[in-house]
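The values are calculated or read from the model by the stated rules, or taken from the named source; none is laboratory data. Bear in mind the structure is a predicted one, so any value in this text is a computation, not a measurement. Virtual Cβ from ideal backbone geometry, glycine too; neighbours counted across all protein chains shown. Only protein heavy atoms, including side chains, enter the accessible area calculation; ligands, DNA and RNA are left aside. Shrake-Rupley method; radii C 1.70, N 1.55, O 1.52, S 1.80 Å.
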Amino acid sequence: MKSIPPLLLAPLALALPAAAAELQLVEIGAYSPSREQVTSISQFSDVRPTDWSYQALTSLIERYGCVAGYPNGTFRGGQAMSRYEAAALLNACLDRIGELTDELRTLMAEFDKELAVLRGRVDGLEAKVGVLEATSFSTTTKLSGQATFVLGANSFSGSAQEPVNSSRNAVGATSFTYDLQLTFDTSFNGKDLLRTNLRAGNFADSNIGGAGPSSLSQLEVAFQENCGTTADCGDVVAIDRLFYQFPLGDFTFSVGGRIGQDDMLAIWPSVYPSETVLDVLTVAGAPAAYNKNLGAGAGVWWQQNGFAISANYVAANGEVGAPADGGIASAGSGGTGTVQLGYSNDRWGLAAIYSSIQNGNDLIVYATNFALNSFSNPGTTNAYGLSGYWQPAQSGWLPSISAGWGLNSTSYSGDVEREGLVSISQSWSVGLQWQDAFMRGNTLGMGVGQPTFATRLEGGSTPSDGNYVWEWWYRFQLTDQISVTPALFYLSRPLGGDTPVGESFRQLGGLVKTSFRF
C-alpha cells in the first residue's frame with residue numbers, strides 16, 4: 001500500500017500519523033469526528049508557532065472550521081500515512097464542512113473506496129457497541145460494599161447463679177463471625193434513587209448475635225432483619241432493602257417492598273457513633289420510637305432551610321395475604337406509623353418523633369427482658385422521642401455530643417391478663433465521640449444509656465426494672481477503606497426486673513471489629 005506525501009493533504013490540514021498497514025477495527029473506531037476534530041491550533045500539543053505548519057493550520061481552521069488530529073491530540077506533521085489513515089482523517093472533518101470545493105471532491109473521489117470501507121467498519125463497530133451496551137451493567141448504577149469481621153467474647157458474673165451459668169453455656173465461647181453488605185444505588189434522572197441492599201452473615205448462633213442477654217449488638221439485629229429470626233438463619237444472601245425514592249418539589253417520596261423506617265426520615269438526630277458497636281446506643285436514645293421497623297412501606301418528607309417534617313408507615317408483615325398474620329394496616333401487619341419534626345445543620349440538630357407500634361411483632365428490640373415480655377402481648381405502644389446532637393467545627397479535645405430520651409405508653413387488647421404488664425416505659429442515651437483522637441484519622445468513642453425499661457405497671461405498681469449499658473471503643477483507620485475497632489461493653493442488669501430478687505447479674509464483653517469498605 002503506497003504512502004501519501006503530507007503536502008497532498010495540506011488543503012485539509014489532515015493530521016499525519018505514522019505509516020502503517022490497513023487499520024484494525026478498533027483503531028478505525030478511534031477516528032470518530034467528535035474525538036479527532038480540532039477547532040483551535042492550541043489543541044495540538046506538538047505544533048509551535050515556529051513550525052512550518054503553524055500558519056497553514058491556522059488559515060485552514062479559519063477557512064474550514066476544522067482540522068483532523070491524531071487520537072492523542074498531536075499533529076505529527078513530519079510523518080507519512082497509509083491511504084486508510086488518510087481516509088479516516090478526511091472523514092473526521094467532513095461533517096463540519098458546509099460547502100464542497102473542487103479540492104474536496106477530488107480528495108473524496110481519490111479515497112472513495114477507503115471511505116466506504118471505513119464507514120462500513122465503523123457502522124459495524126457501533127452496532128457491536130450498541131449490543132454490548134444493551135447487555136452491560138447500567139452506567140447509572142453504583143455498587144458499594146462493606147465486609148465486617150468480628151472476634152468477640154462475653155463473661156457473666158453475679159450472685160444469680162442460674163442465669164450466670166445458663167448464659168455461659170449459651171454464649172460463653174469466643175466466636176469469629178462476619179457480616180457482608182452490598183448496596184446497589186441506581187438513579188434514572190440524577191435526582192431519584194432505586195436502592196437494592198444485599199446482606200448475609202453468620203451471627204445467628206454467635207456470642208454476639210445469639211439469643212439471651214447478650215443480644216444487644218448492631219449486627220445481630222441487622223441479621224434478624226434479613227431472615228426474620230436469627231434461629232432460622234444461615235450463611236444466606238438475602239434482600240435487606242429494596243425501595244425507590246424520588247423528589248417532587250420540596251417533597252421526597254419513598255416506597256418499597258422492603259424499606260426501613262429510618263430510610264424515610266429526613267433527619268437522623270445523632271452523630272454517634274461513626275462505627276457502631278452496640279446498636280442500642282445508636283438509636284438516638286429512643287429505641288421504641290426509632291425502632292427501624294423493616295418491611296413494606298411508604299413515606300414522604302419535606303425539607304427546606306434545615307427544617308424537616310417526615311411521615312411514614314412500615315408493615316413488617318406486609319407481604320402476607322392473611323389479615324390475621326399480615327397485610328397492610330391490618331391486625332397482623334406488624335405496623336409502625338411515624339411522624340418526625342426537626343431541624344439540622346452541619347453543627348447541630350434537634351428532632352421530636354412519635355411512633356405508633358403494633359405490639360406482639362418484636363418491633364421493640366432494645367429493652368430489658370422484663371419489658372420485652374410485656375411487649376410480646378397484642379396491643380399498641382405510643383412511643384415519643386426527643387433527640388439532638390452537637391459537634392465542634394474542628395476536631396480537638398471537645399467531642400461531638402449526641403443525646404436522646406424516649407417515653408412510651410403501652411395499652412393491651414384481647415384477652416390478656418393485664419395486671420403487672422408494662423404501661424409506661426422510658427429510655428435514654430448519651431454518646432461522645434472524639435475525631436482524630438491521639439492520631440489523625442482515628443476516632444475514640446464512649447456511650448452510656450438505658451434501653452427501654454418499665455417505670456409503671458398495669459395496676460399502678462412501680463417495677464424494679466432497668467439496665468445500664470456502657471461501651472468504650474477506639475477505631476484505628478488503617479487506610480481509607482480499612483479500619484480496626486477494639487471495644488469493651490458492659491451491661492449492669494440485662495434481665496432488668498426478671499433478675500432474681502436480692503441477687504445480681506452482669507455482663508462484660510469485648511470484641512475486635514475489622515471493617516472493609518469498597
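Computed quantities for the displayed model
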read-out: Length gained when the stretch F253-I482 is fully extended (0.36 nm per residue, less Cα-Cα span); value: 79.0 nm
read-out: By average C-beta atoms within 10 angstrom, highest first, the peptides 299-305, 384-390, 288-294; value: 288-294, 384-390, 299-305
read-out: Normalised per residue, the volume of the convex hull around the Cα set of the range 364-484 (Å³); value: 128 Å³
read-out: Carbon/sulfur fraction of accessible area - the range 288-331, other protein chains in place, 1.4 Å, %; value: 62 percent
read-out: Length gained when the stretch A153-S356 is fully extended (0.36 nm per residue, less Cα-Cα span); value: 69.5 nm
read-out: Contour minus Cα-Cα distance for S461 and E319 (0.36 nm per residue); value: 47.1 nm
read-out: Approximate spin-label separation Y244-D51, in nm, with each point projected 7 Å along Cα-to-Cβ; value: 5.3 nm
read-out: For the range 438-518: relative contact order, % (alpha-carbon pairs under 8 angstrom, 6 or more apart); value: 26 percent
read-out: T183-W470 pseudo-label distance in nm [points 7 Å out on the Cα-to-Cβ vector]; value: 3.3 nm
read-out: Test item: Cα-centred dipole of the range 259-373, Lys/Arg +1 and Asp/Glu -1 on Cβ, debye; value: 280 debye
read-out: Sulfur and carbon atoms: percent of accessible area, the range 361-424 [1.4 Å]; value: 55 percent
read-out: Unit charges at the beta carbon, dipole of the range 411-459: most positive-side option, F453, S425, G441; value: G441
read-out: Electrostatic dipole magnitude of the range 379-499 [Cβ: Lys, Arg +1; Asp, Glu -1; Cα centre; debye, to 20]; value: 420 debye
read-out: Computed FRET value (nearest 0.05) for Y490 with V430, which takes r as the C-beta separation and R₀ as 22 Å; value: 0.90
read-out: Carbon + sulfur, % of accessible area of the range 431-510 - ligands and nucleic acids excluded, 1.4 Å; value: 59 percent
